[in-house]
Amino acid sequence: MTVLSWPARLRRGLGLTRSLLIYWRPGRQRGLRRLYADFIAPGDLVFDVGAHLGDRTAAFQGLGARVVALEPQPALIPWLKRLVGHRPGVTLLPCAAGAAPGEAELAVSEATPTVSTLAREWRDAIGERNPGFRDVRWERRLRVPVTTLDALIAAHGLPRFCKIDVEGYEAEVLAGLSQPLQGVSVEFVAGALDIAERCVARLAHLGHYRFNAIAGEGRRFLWSEWRSPEATRQWLAQGGEGLASGDLYARLDAFPRPEEQTR
């Protein structure tokens, strides 16, 4: 077991405090439940991949869903248990998700635990491509267990919705999925929009999806009409309107209308 130095413990404490203030601030849960009410109904199953401190898990559970929440950072597990682990229907798994089961190296940022990542190439390049990451440091490396979405489905059932926020590893998570889900969200970050493009392509391969986007930690969709995979990938290729970050939402459409194929 690694013993952290006093400065590292201080950075971790400050990082956790910052996350608690951001993700558990008053009123946030109400906004999250409004956002996800169109995707989730009581009794649905939801996967929260990259649960962090469980604010989205809490919102899903607050809508009556059963939630399987994954978080590979050992330092966050006690907080997750305290914040959401006692809630009925919540299952916490101390692991990551990826393209294949096994183990992977997690790079941990003590000062900003929300950007700890398994994506080595993303980590190496994002500071040069996105000013918001310029001062981020990943001080520690941990070996963590990795599962797949397919394995989670085999163990827990087919989710109605799956949220994926794993700092540059989203495409690898979707590579471990072999069937369409009703709803999916993936994070996108300026300087690495090619990863979001790969996610759109993967989902389009799995089923007929339409897409929308939310900027940053907002609650409102950017587009009045949901867009085709082609239009969404074009938006990303053109820079995503210069947004620093956000989330793409994908909604399965079994019978897309012809006019939506290129919109």
* **Subset of the range 73-101 [among the hydrophobic types (A, V, I, L, M, F, W, C) and either part of a strand (DSSP E or B) or surrounded by fewer than 14 Cβ atoms within 10 Å (Cβ to Cβ) (or both)]** => Val90, Leu92, Leu93, Ala96, Ala97, Ala100
* Could you give every pair whose Cβ atoms fall below 6 Å, whose first residue belongs to the range 146-163 and is closer than 11 Å to Val67 by Cβ and in contact (Cβ under 8 Å) with a residue 24 or more places away in the chain, and whose second residue is among the aromatic types (Phe, Trp, Tyr) and surrounded by fewer than 24 Cβ atoms within 10 Å (Cβ to Cβ), counting only separations of at least 6 or pairs across chains? -> Phe161/Phe39
* **Positions within the range 151-176 being of a type in the set (A, V, I, L, M) and either closer than 17 Å to Ala104 by Cα or crowded, with 22+ Cβ neighbours inside 10 Å (or both), in sequence order** => Ala151, Leu152, Ile164, Val166, Ala171, Val173, Leu174, Ala175
* Would you pick out the residues in the range 217-243 that are touching a helix residue (DSSP H, G or I) at 6+ places or on another chain (Cβ under 6 Å) and part of a loop (DSSP other than H, G, I, E, B)? -> Arg219, Ser228
* Structure fact -> Expected output for the range 27-54 (first residue within 15 Å of Tyr249 (Cβ to Cβ) and touching a residue at least 40 places away in the same chain (Cβ under 8 Å), partner hydrophobic (A, V, I, L, M, F, W, C) and in a loop (DSSP other than H, G, I, E, B), Cβ below 7 Å, 6+ apart or cross-chain) is Tyr36/Leu63; Ile40/Leu63; Ile40/Ala65; Val46/Ile40; Val46/Ala65; Val49/Val166
* Residue check, Asn130 against (1) crowded, with 19+ Cβ neighbours inside 10 Å; (2) closer than 29 Å to Trp226 by Cα; (3) of a type in the set (S, T, N, Q), all met but one. Which one? -> (1)
* To do: Determine if the range 188-207 includes at least one residue that is closer than 16 Å to Arg251 by Cα and modelled with pLDDT under 95.
  => no
* Asked: In the list Pro42, Pro26, which residue meets the criterion of being over 17 Å from the mean Cα position of the chain (by Cα), outside any helix (DSSP H, G or I) and modelled with pLDDT under 95?
  -> Pro26
* Filtered residues of the range 74-122 (kept if under 14 Å from Arg140 (Cα atoms), hydrophobic (A, V, I, L, M, F, W, C), at pLDDT 95 or above and touching a helix residue (DSSP H, G or I) at 6+ places or on another chain (Cβ under 6 Å)) -> Ala107
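The values are calculated or read from the model by the stated rules, or taken from the named source; none is laboratory data. Note that this is a predicted model, so its numbers are computed, not measured. When we count neighbours, we look across all protein chains shown, and the Cβ atoms used for this are built from the backbone with ideal geometry, even at glycine.
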